[in-house]
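Student: Have a look at this one before I ask anything.
The values are calculated or read from the model by the stated rules, or taken from the named source; none is laboratory data. Please read all numbers here as calculations on a predicted model, not as lab measurements. Don't worry about glycine lacking a Cβ; one is built from the backbone with ideal geometry, like all the others, and counts go over all protein chains shown. With ligands, DNA and RNA removed, areas are computed over all heavy atoms of the protein, side chains included. Shrake-Rupley method; radii C 1.70, N 1.55, O 1.52, S 1.80 Å.
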Amino acid sequence: MLHCKMLTVVREDRILFKDLSFTIKPGEIVQIEGPNGVGKTSLFRLLIGLSTAYSGDIFWQGSSIDKDREFFYQQLLYLGHKTGIKPELTPLENLQFFQTLHAAKQDIDLWFVLAQVGLAGYEDVTTAQLSAGQQRRVALARLWINKCPLWVLDEPFTAIDKSGIAVLEGLFVKHAEKGGIVLLTTHQDMTLDSSLLRKIELGGAAADEDYV
Amino acid sequence: MKTMFRALFSAFFQVVAKELQGAFRHGSDILNPVWFFIIVVTLFPLGIGTDPALLERIAPGIIWVAALLAALLSFERLFKDDFIDGSLEQLMLSPFPLAWLVSAKVFAHWLLTGLPLLLVSPLLATFLSLDIDTYIALFLTLLIGTPILSLFGAIGVALTVGLRKGGILLSLIMLPLSIPILIFSTMAIDAASYGQSYIGLLALLGAMLITAIILAPFAIAASLRVSVS
Amino acid sequence: MAFNSLADFFAMGGYGFYVWLSYGISFLVLAVLIINTLTKRKKILKTVTQRIAREERIKKAKNRKDTL
Amino acid sequence: MWKWLHPYAKPEKSYQLAGKLLPWFVVLTVITFIIGLLWGLLFAPADYQQGDSFRIIYIHVPAAMMAMGAYSSMAIAAFVALVWQIRLAEMTVAATAPIGAVFTFIALFTGAAWGKPMWGAWWVWDARLTSELILLFVYLGIIALYNAFSDKVLAGRAASILTLVGVINLPVIHYSVVWWNTLHQGPTISKFGKPSMAVEMLWPLLIMIAAFATLLGALILMRFRNEILTRESHRPWVRQLALNNVKITGKN
C-alpha cells in the first residue's frame with residue numbers, strides 16, 4: 001500500500017501541487033492525469049524517493065520511504081523518461097546488470113524476454129546502435145523480469161504502437177491481479193476497461209492560481 | 001547473512017565489470033588520459049631544458065601536477081554518461097546501499113585511470129632522469145595518492161553532475177581539495193631524492209586514503225541525492 | 001663469423017642485455033601487431049556472421065503477434 | 001593510367017588485388033628478415049668503437065626509416081583521399097597509422113636501449129629521439145581521432161586532414177627540436193649511424209631496411225583488407241566470405 005499525506009512541492013517560485021493526499025491499495029492500476037507541466041514527473045520522482053525537495057509524508061507499507069529506503073527499493077520498479085540503458089552495452093548485458101542490481105528474477109530466459117518486447121535479432125548489438133524506440137523496449141523488458149509489487153511508469157507507451165499498448169496493458173492487469181500496484185502517466189489512449197483503471201487528476205485550477 | 005554478503009559482492013563485482021566492459025568497448029579512448037599525462041610530462045624538459053640535475057629537482061612536481069590534470073580530464077566520465085542516459089537513477093533506486101555501489105564505480109574509475117598512470121611511471125622516471133630510490137618513492141605516492149584523487153574527484157563530479165556546464169566548475173572545486181595530496185607526495189619524493197626517510201609522509205597519505213575510502217562513498221552518495229533530485 | 005662460440009654470441013661483447021632486449025622487445029611488439037591484425041580480421045568476419053544470424057532471428061520473429 | 005586503375009578503385013577488386021599481392025610480400029619479408037638477421041647478428045664485424053652494441057642499429061635504423069616511410073605513405077594517401085575523394089585512400093591512412101606507431105615505438109625503444117650503454121642513461125633529450133617521440137604522439141593522436149568517430153567514413157576523412165596537418169608540421173617540429181637541442185647544449189652525443197660505414201656492415205643494414213619495408217607493405221595490405229571488410233560489411237561478397245570462413249554461433 002502506498003500512502004501520501006499532504007504533499008506540497010514548490011519549484012523555483014511556483015507551487016506545483018499543494019496538500020496532495022491519496023492512498024493506493026494493492027491490485028490497483030492508477031493513472032496520474034493532468035496537462036503538461038503540472039508536475040506529474042515531479043510527483044513520481046518524490047514518490048520513488050529520488051527527489052527530497054517537498055513537504056509531506058510518503059509511506060510504503062506503513063513505513064516512511066525516506067527512513068527505510070532499502071526495503072522500499074526492493075519492491076519498486078521505476079521507468080522514467082530516461083531509459084537507464086547503457087548505450088555501450090548490449091540489451092542482454094543491460095538486463096543482466098538489472099538482474100544483479102535490482103535482485104530480479106534470475107531463472108528467466110532473457111532471450112525469450114527480449115523476443116517478447118520485439119527485440120529478437122537485436123540481443124547482442126550494442127544498444128547505442130538501436131533506435132530510440134528499441135532502446136525504450138529494452139527498458140520495458142524489465143517489466144518481465146522483476147519481482148517488485150510497485151511499478152511506477154512515467155510514459156511507458158512512448159514509441160509503442162496500438163497492439164504493443166494492448167500487450168502492456170495485459171501485463172498490467174496480470175500484475176494487478178497478483179496484488180501489484182501500477183502507477184503510470186500516459187498521453188496515449190488506453191483501451192483498458194475503465195473499471196480496472198483509477199485516475200488521479202493533478203493540478204488544474206488550484207495549481208495554476210498559486211504563485212508565491 | 002551469508003547470501004546477503006554474496007549479493008553485495010556480486011553487485012559490486014557487476015558494477016566494476018560493466019564499467020570495464022563499457023570502457024573497453026570504446027577501444028583506445030580509455031588510454032587518452034594516460035597519453036595526456038605522458039605528453040604533459042614531456043613538455044617540461046622541452047620547455048625548461050634537459051639538464052638532468054634540474055629535471056630531477058622538479059620531477060616530483062611535474063609528475064604530480066600532470067597526474068592531477070590527467071585525473072581531472074577523466075572525472076567527467078565517472079557519472080556524467082550515467083546521468084544522461086538515466087542509469088544513475090536506476091543505480092540510486094537499487095536496494096543495495098548507494099555508497100557501496102558508488103565505491104564500485106570509483107574503484108573501476110581508478111582501475112581505468114590511476115592504474116595506467118602507475119604502469120607508465122617508469123617511463124616518466126627515465127624521461128626525467130630519476131634515480132631508482134626516488135622512483136620508488138614516486139611509485140608509492142602514486143599508488144596511495146591516485147585512489148584518493150579518484151575518491152575526491154567522484155565527490156566533485158557527484159556535486160556537479162546535474163549542472164549543464166559542470167566541466168570547469170569541477171576543476172575549480174577539485175584542484176584546491178587535492179593540494180594536500182600534491183604537497184605530501186612531492187615532499188615524500190623530495191625526501192627520497194635526498195636519501196631521507198619518508199615513511200612518515202607515506203603514513204600520512206595512507207591515513208588520508210583510509211579516511212577517504214571510509215567517508216567518501218557516503219559523501220558521494222549524499223551529493224548524488226542532491227544532484228539528481 | 002664474428003663470434004667464436006655460442007656463449008660469445010649471446011654475450012655480444014658485454015652488451016648482450018641491451019642487444020637482446022632490443023631485438024626481443026621489437027619482435028614481441030611486431031608479433032603483437034601481426035596477431036592483432038589477424039584477429040581483427042576474424043572479428044570482423046564474426047560480426048558479419050552474427051549479423052546474418054540476427055537477421056534470421058528477426059525474420060523468424062516477424063510472425064509473432066504478442067510482442068510490443 | 002586512371003582508366004587502368006579504375007576497376008581497382010572498387011573495394012572488392014582492391015581487396016582481391018591486395019590478397020594476391022600479400023603472399024609475395026610475406027615471402028619477401030621472411031626471406032629478407034632471415035638473411036638480414038643472420039648477416040647482421042652473426043657475420044657483420046663488431047664496431048671498433050661501440051663493440052657489438054652497434055648491432056641494435058639493424059633494427060633501429062630500419063624501424064626509424066619505415067616509421068617515416070609509413071608517415072609519407074599516409075600523407076600521400078591522405079592527399080589523394082582529400083583531393084580526389086577516393087575512399088580507398090582514406091582506408092589506407094587508417095590502415096597505416098597503427099603500423100607507423102609501432103615502428104616508431106620500436107625505433108624509440110631500440111634507441112634507448114642503445115643509448116644506455118653509450119650515454120649511461122636510458123633516455124636523453126637528443127634531437128633525434130625527441131623528434132621521434134613527437135612523431136609517436138602525432139601517430140597516436142591520429143589513431144585516437146580515427147577511433148573516436150563511430151562513422152568510419154567521417155573518421156577516415158578526419159584522420160586524413162590531421163595527417164596532412166602533420167605533414168606541414170613535422171619538419172617544423174623536427175628543426176625546432178634540433179635547434180632547441182643545440183641551444184640547450186645537451187650531453188655530447190655521437191650521432192647514430194651516419195658516418196660512412198664499412199661495406200660488410202652496410203649490406204646487412206640495407207637488407208634489414210628492405211625487410212622492414214616489405215613488412216610494412218605486408219602489414220599495410222593486411223590492415224587495408226580489414227578496413228575494406230569493415231566498411232563493406234553489408235555487401236553480399238563480404239557476407240559470403242564471412243559465411244565461408246566462420247561458423248555461425250550464438251542463439252537462434
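Student: Can you give the local net charge around B:ILE63? Use residues other than it whose beta-carbon is closer than 13 angstrom to its beta-carbon, Lys and Arg +1, Asp and Glu -1.
Tutor: Summing Lys and Arg as +1 and Asp and Glu as -1 gives -1.
Student: Going by average Cβ density within 10 Å per residue, which order do the peptides D:18-31, A:168-181 take, highest to lowest?
Tutor: Sorting D:18-31, A:168-181 by mean packing, highest first, produces A:168-181, D:18-31.
Student: D for the protein assembly as shown, whole µm²/s, Stokes-Einstein with Kirkwood Rh over alpha-carbon pairs at 25 °C and 0.890 mPa s: what number?
Tutor: Answer from the Stokes-Einstein relation: 81 µm²/s.
Student: Ignoring ligands, DNA and RNA, what percent of the accessible area of the protein assembly as shown is carbon or sulfur (1.4 Å)?
Tutor: 66
Student: Once label points are set 7 Å from the Cα along Cα→Cβ at both A:GLN74 and C:ALA7, what is their separation, rounded to one decimal in nm?
Tutor: The modelled label-to-label distance comes out at 7.4 nm.
Student: Evaluate E = 1/(1 + (r/R0)^6) for A:ILE200 and A:LYS105, where r is the Cβ-Cβ distance and R0 equals 35 Å; express this FRET efficiency to the nearest 0.05.
Tutor: Approximately 0.70, to the nearest 0.05.
Student: If you take every residue apart from B:SER193 with its C-beta less than 11 Å away from the C-beta of B:SER193, what net charge results, scoring Lys and Arg +1 and Asp and Glu -1?
Tutor: Spelling it out: positives minus negatives among the neighbours equals -3.
Student: Between the alpha-carbon centers of the stretch C:28-60 and the stretch B:73-115, tell me the distance in whole angstrom.
Tutor: 31
Student: Take the alpha carbon atoms of chain B, find their radius of gyration, then divide it by 2.2 N^0.38 Å using N residues; give the quotient.
Tutor: 1.06
Student: Moving on. What nm distance separates the two modelled labels at B:GLN196 and D:PHE137, each placed 7 Å from Cα along Cα→Cβ?
Tutor: Here the modelled spin labels are 3.4 nm apart.
Student: At R0 = 51 Å, how high is the FRET efficiency between B:LEU8 and C:THR39 if r is their beta carbon distance? Nearest 0.05 is fine.
Tutor: It comes to 0.90.
Student: How much net charge surrounds A:ILE29 when only the other residues with a Cβ under 9 Å from the Cβ of A:ILE29 are counted, with Lys and Arg +1 and Asp and Glu -1?
Tutor: After counting each charged neighbour, the total is -1.
Student: Ok, one more. Using 1/(1 + (r/R0)^6) with R0 = 35 angstrom and r between the beta carbons of C:ILE25 and D:ILE168, what's the FRET efficiency to the nearest 0.05?
Tutor: With R0 = 35 Å, the Cβ-Cβ based efficiency is 0.60.
Student: For chains A and B, what's the summed buried accessible area, probe 1.4 Å, to the nearest 100 square angstrom?
Tutor: So the total buried area for this chain pair works out to about 2600 Å².
Student: Taking a probe of 1.4 Å, how large is the accessible area per residue of chain C, in Å²?
Tutor: For chain C, the per-residue accessible area is 61 Å².
Student: If you don't mind, another one. For chain D, what does -39500 (n - 2.57) per DSSP helix run (n ≥ 4), summed and divided by total residues, give at 222 nm, in deg cm²/dmol to the nearest 500?
Tutor: When only DSSP H runs of four or more count, the value is -26500 deg cm²/dmol.
Student: Testing the spin-label approximation: label points 7 Å from Cα along Cα→Cβ at A:MET6 and B:TRP100. State their distance in nm.
Tutor: 3.6
Student: May I ask you to order B:86-96, B:13-23 by the average number of other C-beta atoms within 10 Å around their residues, highest value first?
Tutor: Sorting B:86-96, B:13-23 by mean packing, highest first, produces B:86-96, B:13-23.
Student: Now for a separate question. In peptide D:47-56, what is the residue-averaged number of other protein chain Cβ atoms found within 10 Å of each Cβ?
Tutor: Partner Cβ neighbours, averaged per residue: 5.
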